[in-house]
Amino acid sequence: MAEAKKTHLSVQKNDTATLESIVFSWWASLEHDRGARAELRRATSPAAVIFAPAYHALLRRIREENLSIDREYLAVIAAVVSQVKRHSLVSLPRQLAASAPGGSRARFSGLRFRRLLAIDDLVELQVALIRVVRHLDGAVNIGDVTRAIRFWNDKTKKDWAFAYYEAAPKED
């Protein structure tokens with residue numbers, strides 16, 4: 001199993017916005033290629049994603065913009081984003097902290113959220129984030145999840161924790 005790396009390539013601020021834009025555009029194009037989307041949705045690991053032509057189309061777009069990203073992290077991004085049905089404007093941690101319609105508890109319990117933040121393995125991260133997307137009925141902020149996976153590190157985890165607990169109802 002590939003472990004999540006502790007360091008990432010340094011990037012310029014515009015690179016992140018460009019990457020998010022490319023991933024969003026690529027995600028939208030999957031609507032017209034349901035076979036490619038289905039292939040990505042069935043992938044159970046970053047290695048399986050790398051065999052999908054749709055992944056290579058995304059990688060090609062990124063290289064055309066001269067962006068650098070770890071290819072395994074990009075595979076996780078592709079796998080998770082392929083699960084998204086609707087783009088949400090709300091950040092992922094805030095979505096998880098929000099109460100379900102008619103409920104008073106967070107959609108994702110504090111315990112489950114802490115388990116998510118404890119993940120360091122890329123395969124586990126892919127599986128967990130796919131479950132999160134499904135838990136949210138496929139409505140996720142694509143830029144937010146792209147950025148989080150690309151920079152899955154202690155800073156991202158802390159930022160998510162602050163956002164989640166700022167929005168979460170009080171735990172019992």
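Number of residues in the stretch 117-137 that are without any contact (Cβ under 8 Å) to a residue 24 or more places away in the chain and either in contact with a helix residue (DSSP H, G or I) (Cβ under 6 Å, 6 or more places away or on another chain) or not small (Gly, Ala, Ser) (or both) equals 2.
Identify all residues within the stretch 78-104 that are touching a helix residue (DSSP H, G or I) at 6+ places or on another chain (Cβ under 9 Å) and of a type in the set (Gly, Ala, Ser); write none if there are none. Selection gives Ala78, Ala79, Ser82, Ser88, Ser91, Ala97, Ala98.
So, Ile119, is that one at pLDDT 95 or above and surrounded by fewer than 21 Cβ atoms within 10 Å (Cβ to Cβ) or not? Even if it seems obvious, please write down each step before you answer.
On the way: at pLDDT 95 or above: yes; surrounded by fewer than 21 Cβ atoms within 10 Å (Cβ to Cβ): yes.
In short, yes.
Residues in the stretch 93-108 that are more than 17 Å from Val133 (Cβ to Cβ) and in contact (Cβ under 8 Å) with a residue 24 or more places away in the chain: Ser99, Ser104, Arg105. Would you pick out the residues in the stretch 143-171 that are aliphatic (A, V, I, L, M) and either more than 22 Å from Ala17 (Cβ to Cβ) or surrounded by fewer than 21 Cβ atoms within 10 Å (Cβ to Cβ) (or both)? Scanning the stretch 143-171 gives Ala161, Ala163, Ala167, Ala168. Candidates in the stretch 40-83 are the residues that are more than 14 Å from Val123 (Cα to Cα), modelled with pLDDT of 95 or more and among the small types (Gly, Ala, Ser); of these, the one that is surrounded by the most Cβ atoms within 10 Å (Cβ to Cβ) is Ser82. Restricting attention to the stretch 2-39, the residues that are modelled with pLDDT of 95 or more and touching a helix residue (DSSP H, G or I) at 6+ places or on another chain (Cβ under 6 Å) total 9. Taken over the stretch 58-111, residues that are assigned to a helix (DSSP H, G or I), under 18 Å from the mean Cα position of the chain (by Cα) and not hydroxyl-bearing (Ser, Thr, Tyr) amount to 19.
Only one of the numbered conditions (1) part of a loop (DSSP other than H, G, I, E, B); (2) under 23 Å from Ile50 (Cβ atoms) is violated by Arg134, and that is (1).
The values are calculated or read from the model by the stated rules, or taken from the named source; none is laboratory data. These figures come from a predicted structure and were not determined experimentally. Glycine also receives a Cβ, built like all others from the backbone with ideal geometry; neighbour counts cover every protein chain displayed.
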